[in-house]
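For reference, the structure is listed below as structure tokens.
The values are calculated or read from the model by the stated rules, or taken from the named source; none is laboratory data. This structure is a prediction, so every number in the text was calculated from the model and none was measured. FYI the Cβ positions are ideal-geometry reconstructions off the backbone, even for glycines, and counts take in every protein chain you see. These area figures cover heavy atoms from the full protein model, side chains too; ligands, DNA and RNA do not enter into them. Shrake-Rupley method; radii C 1.70, N 1.55, O 1.52, S 1.80 Å.
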Amino acid sequence: TLSPIFFAMNYESKWVGCVDDALVDINKLMALRVLSKPELKCDGKSDYYVSMDVSRSNKSSNNQSSIAVLKAKRNKEQRISHIQLVNIINLPNGLNFTGQAIEFKRIRKIYKAKIAICDENGLGKGLLDELLKEQIDPANGETLECWNTINTDDEPDDPHAEKCLYALHSQGINTEIIVNFIDMVESGRLQILEKTPNNNMEQIDRNYLTSVLLPHLHTDFFVEEVANLKLKHLPGGKLTTEQLTKRVDKDRYSAVSYGLWYI
């Protein structure tokens, strides 16, 4: 019935909070928790983007692949005024790249996202290869068409595939991604879900748990991940992030920051 941050502080005696050189002021991030409920599909009028940080492991203790669903809110001049993190989805460990590609394509289809952003560093290359292929959805037998990238020379199976995939090579632009994330928090342009509702868990059905409660819970974990990150200055004015404790993952932060940078 409690958020993971509250439980860690009060029951596990873990330190949670700001440090010198913290990535962002955690109080400012908490102030961005203004969205009352997640969105489980597109609203038919807004621009959505889905971004993914890729992991691949059979161990439940390792990082999981995380998908952030971001909604761009525009003003009368069509400039982006706010970016809302309306959902975070973590894929179970043990899924191969084909399975992860199917899930990513399913989620983009649900939200009718304009662009899907995928980190192509390391393991991301394996997922990228699968996204360029056609898959069959095992749940309903539906064909999930192959995608084409908008920024690489990689060739999909179908030369006429929709150009909807941005292959993000984060190594060269990591500083820009970090600075942009800090700016989104400091300016208040990022909006995220409120804290996990305190409901009676014994009376909650599975559908409510997975569709309503889980996005709030993953947002709690996202805040915890950001609070665990320290800003590290490298030679030449470059920046990177460092985890204070390796027990706290950073997959949700990575997925969100990639999407924010692209938008």
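Over all distinct Cα pairs, what is the inverse of the mean 1/r for segment 56-159, reported as the Kirkwood hydrodynamic radius in Å?
Averaging 1/r across every pair of different Cα atoms and inverting gives 15.2 Å.
So what J values fall out for segment 127-137 if you push phi through Karplus, 6.51 cos²θ - 1.76 cosθ + 1.60 with θ = phi - 60°, rounded to Hz, Gly and Pro as x?
Those phi angles translate into 5, 4, 4, 6, 5, 7, 10, 8, 10, 10, 6 Hz.
What list of ³J(HN,Hα) values in whole Hz, one per residue of segment 219-226 in order, does the Karplus curve 6.51 cos²θ - 1.76 cosθ + 1.60 (θ = phi - 60°) give from phi, with Gly and Pro shown as x?
5, 4, 5, 4, 4, 5, 4, 5
Would you mind calculating the gained length between LYS232 and ASP137 on full extension (0.36 nm times residue separation, minus the Cα-Cα distance), in nm to one decimal?
30.0 nm
Counting only heavy atoms of the protein chains, get the accessible area per residue of the chain (1.4 Å probe) and round it to a whole Å² value.
Per-residue value: 51 Å².
More than 23 Å apart: what percent of Cα pairs in segment 124-263 qualify?
It works out to 55 percent of all Cα pairs.
For the pairs LYS125/LYS250; LYS37/LYS163; LYS28/LYS76, note any where the Cα-Cα span goes beyond 23 Å.
Check vs 23 Å cut-off fails for LYS37/LYS163; LYS28/LYS76.
In the chain, carbon and sulfur make up what percent of the accessible area (probe 1.4 Å)?
The C+S portion of the solvent-accessible surface of the chain is 47 percent.
Quick check on the chain: of the DSSP beta bridges with both residues there, what percent are antiparallel, nearest 5%?
Around 60 percent of the beta bridges assigned by DSSP in the chain are antiparallel ones.
Positive end of the dipole of the chain, charges at C-beta (+1 Lys, Arg; -1 Asp, Glu), about the Cα centre: which of LEU29, HIS169, THR152 has its Cα farthest in that direction?
Farthest towards the positive end: LEU29.
Rounded, prolate or oblate for segment 221-261? Axes are the square roots of the Cα gyration tensor eigenvalues, ordered a ≥ b ≥ c, and the cut-off for rounded is a/c under 1.5.
Oblate is the answer for segment 221-261, as a/c is 1.5 or above yet b/c matches or exceeds a/b.
Given charges of +1 on the Cβ of Lys and Arg and -1 on the Cβ of Asp and Glu, with all other atoms neutral, how large is the dipole of the chain about its Cα centre, in debye to the nearest 20?
It works out to roughly 700 debye.
Expressed in nm to one decimal, what extension gain is obtained for the pair MET30 and LYS114 from 0.36 nm per residue of sequence separation less their Cα-Cα distance?
27.4 nm
With semi-axes √(5λ) of the Cα gyration tensor in Å defined as stated, name the option among (i) 28, 23, 19; (ii) 49, 24, 17; (iii) 39, 22, 18 computed from the structure displayed.
From the options (i) 28, 23, 19; (ii) 49, 24, 17; (iii) 39, 22, 18, the structure gives (i).
Any chance you could run the full-extension gain for LEU40 through SER211? It's 0.36 nm times the residue separation minus the Cα-Cα distance, nm to one decimal.
60.8 nm
Taking R0 as 35 Å, what's the FRET efficiency between LYS246 and LYS76 from their Cβ-Cβ distance, rounded to 0.05?
0.15
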